[in-house]
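*Asks:* Handing you a structure now.
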Amino acid sequence: MAGSRRGTEPLWRWRSNPLRRHEDVLEAWVVLAVWAVIVIGGTLAGFLTSQAAQEVFADQRAERRPVPAVLLSDVPVPESDPYSAGDRSSAEIRWTAPDGTRRTGTTLVEGGRKAGTRVTVWTDGTGALSSEPPTQDEAAIEAGALGTAAALALSGLTYGVGRAGRWWLDRRRVERWGREWTLVGPRWDHKAT
């Protein structure tokens, strides 16, 4: 019934016991350290990652601006394709950068538009084309997902290291049991005459 005793006494590995091995104490500390890192480190990693992502998204919202642009060629209606970008096609456009220079580039626009049509594109601080920044709600969801992923990644890595440590301790225990059995086993093989 040693298995049931372990369940009722959570600190059984630290108790003074003549059968307690050094590996048992080490294993207890490994398990405690793994849980502490998972709970505290995972929470901290998730929070810090989420905050960093929120700052990046806020910087994108502050830096990027919508700019009017003109289509330089007709945009065909895209064919129905499972790998297409919906009803958008790649088209060449022209816009004016913040420094007054005229630039051209390629971006996705709605299909079926004619050359000369005005469209709105997003540019960064240098006037280069960029994607539309996420709204505050989208940024909060994405930051939460990134924070959760960071917490889970740290927890998984920590759990893996803890399992490897416990596996190593189990190997040491088995080796010691084997050495001890080679000493004690022959004594038990004697038959009474």
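Laboratory data are not the source of any read-out in this text; all were calculated from the coordinates shown. What you are looking at is a predicted structure, and each value in this text was computed from that prediction instead of being measured. When we count neighbours, we look across all protein chains shown, and the Cβ atoms used for this are built from the backbone with ideal geometry, even at glycine.
*Asks:* Show me the helices of the chain, taken as full DSSP H stretches, that run 15 Å or more along their long axis by Cα and average 0.5 or above in Kyte-Doolittle hydropathy.
*Replies:* Details: long enough: 22-36 (21 Å, 0.95); 42-63 (31 Å, -0.10); 136-188 (76 Å, -0.34).
Helices passing the filter in the chain: 22-36.
*Asks:* Between 145, 181, 164, whose Cα lies farthest towards the positive end of the dipole of segment 129-192 when Lys and Arg beta carbons carry +1 and Asp and Glu beta carbons carry -1, centred on the Cα centre?
*Replies:* 181
*Asks:* Give me, ordered by chain and number, the residues 5 or more places off residue 112 or on other chains with an amide H under 5 Å from its own placed amide H.
*Replies:* Here the answer is 75, 77, since their amide H atoms fall under 5 Å of that of residue 112.
*Asks:* Name the residue from 98, 116, 126 whose Cα lies farthest towards the positive end of the charge dipole of segment 86-126, charges +1 on Cβ of Lys and Arg and -1 on Cβ of Asp and Glu.
*Replies:* 116
*Asks:* Kirkwood Rh, Cα Rg: Rg to Rh for the chain?
*Replies:* Using only Cα positions, Rg/Rh for the chain is 1.38.
*Asks:* To the nearest Å, what is the center-to-center distance of segment 14-45 and segment 115-193, using C-alpha atoms only?
*Replies:* Spelled out, the Cα-based centre of one part sits 18 Å from the other.
*Asks:* Determine the dipole magnitude for the chain: charges of +1 sit on the beta-carbon of Lys and Arg, -1 on that of Asp and Glu, nothing else is charged, the reference point is the Cα centre, and the result goes in debye to the nearest 20.
*Replies:* Magnitude of the dipole: close to 1360 debye.
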